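Beneath this line is the structure, given in structure tokens, with notes to follow.
Here, each number is a calculation from the coordinates, and none is a lab measurement. Since this is a predicted model, take the numbers as computed values, not measurements. All Cβ positions, even for glycine, are placed from backbone atoms using ideal geometry, and neighbour counts span all protein chains on display.
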Amino acid sequence: MNSKQRREYIKNLLIKNNATYKGQFLAEELGVTRQVIVKDIAITRAEGVNIIATPEGYLIPNEESNYVKRVIAVAHSRDDIYNELECIVKFGGIVEDVTVEHSLYGEIRAMLMIKTLMDIERFTKKFKEFNAQPLSALTKGVHLHTIRADNEEIIESIIKELKNKNYLISD
């Protein structure tokens, strides 16, 4: 399989299965190195395919859905990460990303795609394993999330919950 065929295979796999795939899995599946997969993903993105890298792997989001999206501004300590994310997913929301506004680099965004309590557990476990700091550490806890849900009512429930927990930054 040449590089063009490999990229087409990866693209079709991500579209058809609507699932995440780790770079290492794709590399083993296709008999190449992980670095080759990273390059293939970069080229495919440059060709206009919306491939997102999440902590759980690569995915192509289903753009045909009728989701409602909202960008929310929140602030909290590192200790409240689990609770904040739980406020979103327990109502059926999905945390697509986290964004901070850095004084030197400008906007820094990381894709999360957190949909379930299990996703939150994995995410917070990695924080402990790597002794990592969240992006919001750069901005004293202030950050943005793009959240999506099936309808506006769910979004409003999430916002109300975040406001009750004093995580939401209001006008």
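Observations on the structure shown:
- Backbone HN-Hα couplings from phi across segment 91-96 [Karplus 6.51/-1.76/1.60, Hz, Gly and Pro as x]: 9, x, x, 10, 8, 6
- Alpha-carbon centroid distance for the pair segment 120-167 / segment 3-82, whole angstrom: 20 Å
- Local electrostatic count at Tyr21 - Lys and Arg +1, Asp and Glu -1, tallied over other residues with Cβ under 14 Å: +2
- Note, ³J(HN,Hα) from phi for segment 22-31, Karplus 6.51, -1.76, 1.60, rounded to Hz, x at Gly and Pro: 5, x, 5, 4, 4, 4, 5, 4, 9, x
- Toward the positive end of the charge dipole of the chain, with +1 on the Cβ of Lys and Arg and -1 on the Cβ of Asp and Glu, the farthest Cα among Gln35, Ile114, Ala149 is that of Gln35.
- Expressed as a whole percent, the proportion of Cα-Cα pairs in the chain lying more than 24 Å apart is 43%.
- Adding -39500 (n - 2.57) for every DSSP H run of four residues or longer, then dividing by how many residues the chain holds, sets the calculated 222 nm ellipticity at -13000 deg cm²/dmol.
- Using the Cβ-Cβ distance between Glu107 and Ala132 with R0 set to 30 Å, the FRET efficiency works out to roughly 0.90.
- Estimated FRET transfer efficiency (Asn17, Asn83; beta-carbon r; R0 30 Å; 0.05): 0.40
- Net lengthening on full extension, Asn151/Ser170 (0.36 nm per residue, minus Cα-Cα): 4.7 nm
- Karplus-derived HN-Hα couplings along segment 125-138 (A = 6.51, B = -1.76, C = 1.60, θ = phi - 60°), whole Hz, x at Gly and Pro: 5, 5, 4, 5, 4, 8, 6, 8, 10, x, 4, 5, 5, 6
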